[in-house]
Every structure is written in structure tokens, then in C-alpha cells.
Amino acid sequence: MTTVEKLLTNLSVARTEFKVNNRSVLSSFVKPPFFEQVNILNYEHSIALVGGRGSGKTMYLRYFSHWTQFGDGVNAQIDDLKNIVLYWKPDTIFSRAIERRDLSPILEDAFFQSLITIEITKEIIGLIRNTINHFPLEAEEINLEKEVIALISRIYDIEVNDIKNVVFELDLLFQTIYSNILSGNMLKSLIPNLLIRTILEKLKSYSLFSNTSFKIYIDEFENFTLNQQAFINALRKHSDGFISWNVAYKAHAEISNYVHTNSQNSEQLQKQNDYREVNIDQIIEDSNKLDINNFFSKILMVAIDKIKYSECSFEQSSENVKNMLVHHTVSSIIKSYSKENSGFLSRLSKELRTSDDGLEEELVQRVLLKPDLAVALVAIKGQRNFKPNSIDRYLLNNLSDAEEKSLEEKIRHYAPSGVFKLNITSAYNNIPIYSGFDRFMILSSSNVRHFLELCYQTFQLHLKSKDGQQNLELDDLFNISNDTMHKAANITSAKLLNEVTSFAPMGQRLNIIVQRLGELFRIKHQLTPITEPEINHFGIVTDSLDEQMQKVLNQALCWNVLIQHEVTKEKNNIDINKYDYQLNPIYAPAFGISYRKMHKKKFSSEELDILFNANNEQWIKYRDSMEKNNNSISFKADTQAELF
């Protein structure tokens, strides 16, 4: 199939930004099951393409852009010129930096308008070159290259004799404009809605483009200043069937809908009337789970070897990946771990006998014959309605069918909690619960980059023994051990957790929030007994937050540090926020906590303020008080079945 080194290299560069060859993503693009919903070529309105990190926004934009649709290896037809996407991913650090120059609003506007005009013109030049490559006879017939060179030279007052040099000359022109603006001079200002329309109208006069609609997409819209966003909104506002201005941005980002200037006195864009939103996250959430699993599987197979597996079906891709990342039940994982780790049962025995709620020695010894039952009892023992006699009867097969079914369901329900508690409370325990394809999918939360990182770390560990092997076959990747996958998940989680501080502009604050939530949930995972297993998300006991806390919360959502879920049921919905917030599952292994959305803690606005804003001393005081209260709580489980 390939070498170890090549396979790992392919996976390590699988993020969209590194897979682009001449800006085309044709060789690495996997057509999703929801393709038509993200096919921006077919939309007639101005579009806002929205999605979380790793949702594929940039990949889709590059795929539908002329760089891929008319790139190398594509058998393009004249009809494909009917809808053309011009794609600009700006250097937003550079564009925002102009704010720090203390320029007048007029000069700032001149800078930004000139930037947009020149960058989109460069995209048009790229389109012309791709068109000439695909339709040389038709382009020569209308003298396309010379006509465009003459047009650009006239509009921008530059001397160009070869289309290959146009981009270079435009960059020089922008540098001149930029230098003049920094000096307080405005010798030339380029107006995008006038100049871009002039260029495109000239193209439309040629037979090749007579039926063309041009769709201009600006990526990472959220990284512009609010005033820059407002200017782009003015372009969006005046979109039509010939030229539409479109944007893409992260879900929950701070976005201005004002037009021209970010002021309450300005007109605003109206959804549905002025633009339509295409939300990739929502599309994925609404899709069939099996389809998404198959989609991610094929992305992995193509990343491993795009030549060999690009034509592989979704179903075959899924089968291959599931043979690699074999999924085992928690019960099976516990049983295997107990056999492979000689000291585990003795530690488990001690845990079951410890405290006032401990089990008698004779019962413990019989329980240990069913390790999954024993691990579940670590979480259950001490609950008010727990009756050791029921366990005794279960082991003797003296329960009714209904009682046995109820008990076994509770064992399955509480066994993961027992695993997390055992792993957290003893460094000697490392039950590999973060293993298997299904768990990797939950950890990834529909983030392709996170999924590929989990797989990369897994393969890297698994293939250490095969370094130097020249002919690596697919079945060399089959049946990777639970321990290897679990360790890879921990490595990935720690790595991604370290990246949180880089999430501008609130990286340090977001990192503190993640660390504090991880600590709190870790405490909850160690309770005796555990009546609400696997607490790893929270609700807010208020219907509103102050502006600053809402801003921090939005940043956490924008960077996918937290994941928002709509509340579907509440026992008491008085003053309850309609959303729950889950710590991104990818961070769960770093704290040893559950990756599944199970039970939640409710925070008052005061507690949330401590979580978001308190200094370290205040935080430690709150955390310690919670830990002390948890240890002294007398849990009531009146709603539980009699067995527990």
C-alpha cells in the first residue's frame, strides 16, 4: 500500500490549508452525503456560509471555486462557466492592523476598498488563466488574454504585456497605495463595486461568459473589524443575479449586520431578504448518523492513500476503518483489562470494600468474577436504594426476568462512571475507555481535523514497530489495540488543549474556563455514590447574561471550546436558559472525564461569573467548597428503582 513514513506524512498534512496544490482541492475532496445542500454554485441569493471549526467551510469554498472546477485534472465543459465562484481568503491580521495606524476614517476606508478591489481582481486573473487552459480555442477566438490585459492596464494604469505578470503588477500597485495611505496621502482609491463590476461586465460581453453568474466569496469574515464587515455588507446588499457577494464565518462569531458603517443609525441586512444562511453544523446534525460516519471514514481512507481509495465507496471505507479502530463495549473493555492487568482486581476489591458503604468480603469475591458488574458497583454502592442482597440474588440467578433486565441495564448505565472514577482516583488504573471508532466520532464532534488527529496519533503509536517497512498493507492497520487508541486519544486531547490559549482574542480566558470546567467535572466523577453519572455539561439558571459574560460565552462557542445544545426537556423550566453547554468532548481525555453528553450541573449567574472571571484565589475557594460539599452530601435517590 505505502510506507509508514508516507502514510503518517499524508495524515499529518490532512488539514485543508496544507492539502492545496495550485489552490485546487480536487485530489483530496470527498463528496459529502449532503453535497447538494452545500453546493454554493446552485444558490441564487447572497449566501452566508456558517460552520464551526473543522466543519469544512474552507474545503467547500475551495472545491467550488474556479481553482478546482477549472483546475488540473478536470474535464470542464462550456456549461460549467454558467456559475463561477471567486474565492478570497484574506490576511485579516494585516487588514485589521490598519486600525492601529491612527488614520482618519476616510484613509482607512480607502485602504480597505483598495485591498478588496485588487484581491478580487487577482482572483479574476486566476479565472482567466484557468479558462484559457481549459478552452484555448474559444479563448483565442475572442482574443481573451489580450483583451483582459488591455482592460486591466487601462483600469489600473499599469503596464502589462503578459497575463502571468498581472498579479505581480497589482501587488506593486497596492504597495504604493498602502504606502501613500500610511503617509496620509490618498493619491488613488479603488472602489470595488464599480471596478469589479466593470471588469466582470466586460467579461460578460464575451461569448464564453455571456451566461455567467459570478459569486464572490470572502472567507473568515468574522476576523474583519466590524466597520470592515459593514462595508462588505454594503456589497452583499447590492448583490444580484450577475454578481453576488457572499461571506463565510465561524458559527457564534461576532458579526455585524449593519451596512456601510457599524452604527445603530445604519441600515441592516435582513436574513431571507438580503441573504440566506447555509449552516454546515446544522446540516451535519440533521444528517443520518451512519452517513456522517461513512463520510468521515472515507475522508480518512483518502488521506491515507488518495490514489488508491478515492473511488472507494462509503460503505467499504467504513468497513475498513471499523476494522482498524475496532469498537468494543465498555463491558468487553473492562473484562479484557482485568485479564491483562494482574493488580487491577485487587485494587477493585479494595475500592468495593472501602467506606461505610463497602460490601462484605464474600460478596466482593463473587462480584469480581463479573468485572463489569464490579466496576459499575464502584459508582453505585452507597446509593440509598442500593441493596447488596439484590446483587447476591443476581449472582445466584434468583431474580425475576424483569428484575434481571433492570439490573443489567443499570450495570451498563453506571459501568462507564465506574471506569472514569477508577481511572481518576488511581494512577495505576488506565482502563482504555477512549477507544474505538464510535468513541472517536463522539470525541471529534463532527470536526474533521480532530478526527484525523486522533487517527494520526493512533497510527503513529501502532506503527512504531513497523518503522522502515517498505510495503505496508491495509491489514497492517487492522485491529489496533484499545490501549493504543486510548493513549492516542489522551495525546490528542492534551495537544488540542494546549492550543486553546492561541484562540484570539480571548485565548487565555478560554483556557482558564476549560481548565476550571475540567476540574469541576473531574470532581463530579469522583463522588460516592454517583447518582447522576458522567456530568460533563452545564445549564445556566437565568434567562440572560450580562454583556461581557455573553461575549465570553460566544467566544467559547465560536472556537468550539463549548458546544451548544438546545434543551429538549426540563423538570423545572423556570428561569432556565434554553441551551445547555458541553465542554468539547475532545478535551475529555485530558481530564479523564466522560466524552458523552449525559448529566449536567446547573450554574447560577454568580457561579458562572466565578467560572469566567474570578481570580485564582477566588476560584480555588469556590472549587474547594464544592468538593467539600460533594463529599458531605447525603444523596437521595427516591426516584430510583428498588434495586438501587
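Every read-out reported here was derived from the displayed coordinates using simple, explicitly stated rules and does not represent laboratory data. Just so we're clear, the structure is a prediction, and the values are computed from it rather than from any experiment. Cβ atoms come from the backbone with ideal geometry, glycine included; neighbour counts cover every protein chain shown.
Report the percentage of all Cα-Cα pairs in region 34-286 whose separation exceeds 27 Å, rounded to a whole percent.
Percentage above 27 Å: 38.
What is the local net charge at residue 130, summed over the other residues whose Cβ is closer than 14 Å to its Cβ (Lys, Arg +1; Asp, Glu -1)? Mind dumping the intermediate values first?
Numbers: positive: 23, 62, 122, 129, 164; negative: 72, 80, 123, 138, 145.
That works out to 0.
What's the angle, to the nearest 10 degrees (0 to 90), between helix 344-353's Cα axis and the longest principal axis of the chain?
Here the helix axis deviates by roughly 60 degrees.
Which of 529, 24, 613 sits farthest toward the positive end of the charge dipole of the chain, with +1 on the Cβ of Lys and Arg and -1 on the Cβ of Asp and Glu?
529
Report the label-to-label distance for residue 474 and residue 254 in nanometres (one decimal), using points 7 Å from each Cα along the Cα→Cβ vector.
Placing both labels 7 Å along Cα→Cβ, they lie 4.9 nm apart.
Could you work out, for region 262-381, what percent of all Cα-Cα pairs fall into each 10 Å distance bin, beginning at 0 Å and stopping at the bin that holds the largest distance?
All Cα pairs, binned at 10 Å, distribute as 11, 22, 15, 17, 19, 10, 7, 1 percent.
For region 91-154, compute the orientation-averaged projected area of the C-alpha convex hull (one quarter of its surface), in nm².
Working: hull surface 21.9 nm².
Computing the convex hull of the Cα atoms and averaging its projections yields 5.5 nm².
Indicate, rounded to the nearest 5 percent, the antiparallel portion of the DSSP beta bridges found entirely in the chain.
In the chain, approximately 30 percent of DSSP beta bridges are antiparallel ones.
Mind giving me the nanometre distance, one decimal, between the label points for residue 267 and residue 31, set 7 Å out from Cα along Cα→Cβ?
4.0 nm
If packing is taken as the average count of other Cβ atoms within 10 Å, what order do 394-405, 127-138 fall into, highest mean first?
Peptide ranking by packing, descending: 127-138, 394-405.
Quick one: 213, 266, 444, fewest Cβ neighbours within 10 Å first, how do they rank? All intermediate terms of the calculation are to be shown ahead of the outcome.
Details: 213 20, 266 15, 444 23.
Fewest to most other Cβ atoms nearby, the residues stand as 266, 213, 444.
At a Förster distance of 51 Å, what's the computed FRET efficiency of residue 362 paired with residue 315, Cβ-Cβ distance as r, to 0.05? Present the calculation step by step, with values, prior to reporting the outcome.
Details: r = 51 Å, r/R0 = 1.01.
Calculated value: 0.50.
For a label point 7 angstrom out from the Cα of residue 424 toward its Cβ, which stretches of region 329-352 have the backbone nitrogen within less than 14 Å?
Those under the cut-off are none; the list is empty.
Once the cut-off is 13 Å, how many percent of the Cα-Cα pairs in region 318-363 end up in the long-distance tail?
Tail of P(r) above 13 Å: 68 percent of Cα pairs.
Could you work out the helix-only [θ] at 222 nm for the chain, with each DSSP H run of four or more residues adding -39,500 (n - 2.57) and the total divided by the number of residues, to the nearest 500 deg cm²/dmol?
-15500 deg cm²/dmol
Let me test this: with uniform point scatterers at the alpha carbons of region 477-567, what is the Debye-based log₁₀ I(q)/I(0) at q = 0.16, 0.21, 0.25 1/Å?
-0.86, -1.17, -1.31
For the ranges 49-56, 239-246, 375-382, what's the packing order if you count other beta-carbon atoms within 10 Å of each residue, average per peptide, and put the highest first? Walk me through the intermediate numbers first.
Values: 49-56: 22.9, 239-246: 18.8, 375-382: 25.8.
Result, highest mean Cβ count within 10 Å first: 375-382, 49-56, 239-246.
With the Cα gyration tensor of region 173-251 giving a ≥ b ≥ c as the square roots of its eigenvalues, does the rule (a/c under 1.5 for rounded; else a/b larger than b/c for prolate; else oblate) give rounded, prolate or oblate?
oblate
May I ask for the equivalent-ellipsoid semi-axes of region 439-499, computed as the square root of five times each C-alpha gyration tensor eigenvalue and listed largest first in whole Å?
Equivalent-ellipsoid dimensions as semi-axes: 22, 12, 11 Å.
Nearest 20 debye, what's the magnitude of the dipole of region 330-425 about its Cα centre given +1 on Lys and Arg Cβ and -1 on Asp and Glu Cβ? Before the final figure, lay out each step's value.
Working: 15 positive and 14 negative charges, 50 e Å.
Around 240 debye, computed over region 330-425.
What share of the DSSP beta bridges in region 34-286 is antiparallel, in percent to the nearest 5?
Values: 1 of 22 bridges.
About 5 percent, rounded to the nearest 5.
So for region 330-425, considering every pair of alpha-carbon atoms, how many percent are separated by more than 21 Å?
Summing the P(r) tail past 21 Å for region 330-425 gives 25 percent.
If you place +1 on the Cβ of every Lys and Arg, -1 on the Cβ of every Asp and Glu, and leave all else neutral, what size is the dipole of the chain about its Cα centre, to the nearest 20 Debye?
Here the size comes out at about 1140 debye.
How long are the semi-axes of the ellipsoid equivalent to the chain, from square roots of 5 times the Cα gyration tensor eigenvalues, in whole Å, largest first?
55, 30, 20
With 10 angstrom as the radius, rank 558, 312 by how many other C-beta atoms surround their C-beta, starting from the fewest.
By the 10 Å Cβ count, ascending: 312, 558.
Among 518, 508, 592, whose Cα sits farthest toward the positive end of the charge dipole of region 503-632 (+1 at Cβ of Lys/Arg, -1 at Cβ of Asp/Glu, about the Cα centre)?
Projecting each Cα onto the dipole axis, the largest value belongs to 592.
Please work out whether region 503-632 counts as rounded, prolate or oblate from its C-alpha gyration tensor, where a ≥ b ≥ c are the square roots of the eigenvalues and a/c under 1.5 means rounded, while otherwise a/b larger than b/c means prolate and anything else oblate?
Taking the square roots of the gyration eigenvalues as a ≥ b ≥ c, region 503-632 is rounded.
Arranged from highest to lowest average of other beta-carbon atoms within 10 Å per residue, in what order do the peptides 227-233, 521-527 appear?
Numbers: 227-233: 22.9, 521-527: 20.4.
The densest-packed peptide leads the list: 227-233, 521-527.
Within region 150-207, report the GluC sites (Glu not before Pro) that DSSP leaves as loop and that have at most 11 other Cβ atoms within 10 Å. Show your work: numbers first, answer last.
Values: sites: 159, 169, 201; in loops: 159.
Filter output for region 150-207: 159.
In whole Å, what three semi-axes, largest first, describe the equivalent ellipsoid of region 16-129 built from its Cα gyration tensor (square root of 5 times each eigenvalue)?
Semi-axis lengths for region 16-129 are 29, 17, 14 Å.
If I model a spin label as a point 7 Å beyond the Cα along the Cα-Cβ vector, how far apart are those points for residue 404 and residue 287 in nm?
That separation, rounded to one decimal, is 4.3 nm.
To the nearest 10 degrees, how steeply does helix 547-558 sit against the main Cα axis of the chain, on a 0 to 90 scale?
Once rounded, the angle reads 90 degrees.
Once both axes come from the Cα atoms, what is the angle between helix 616-632 and the longest principal axis of the chain, in degrees from 0 to 90, rounded to 10?
Here the helix axis deviates by roughly 40 degrees.
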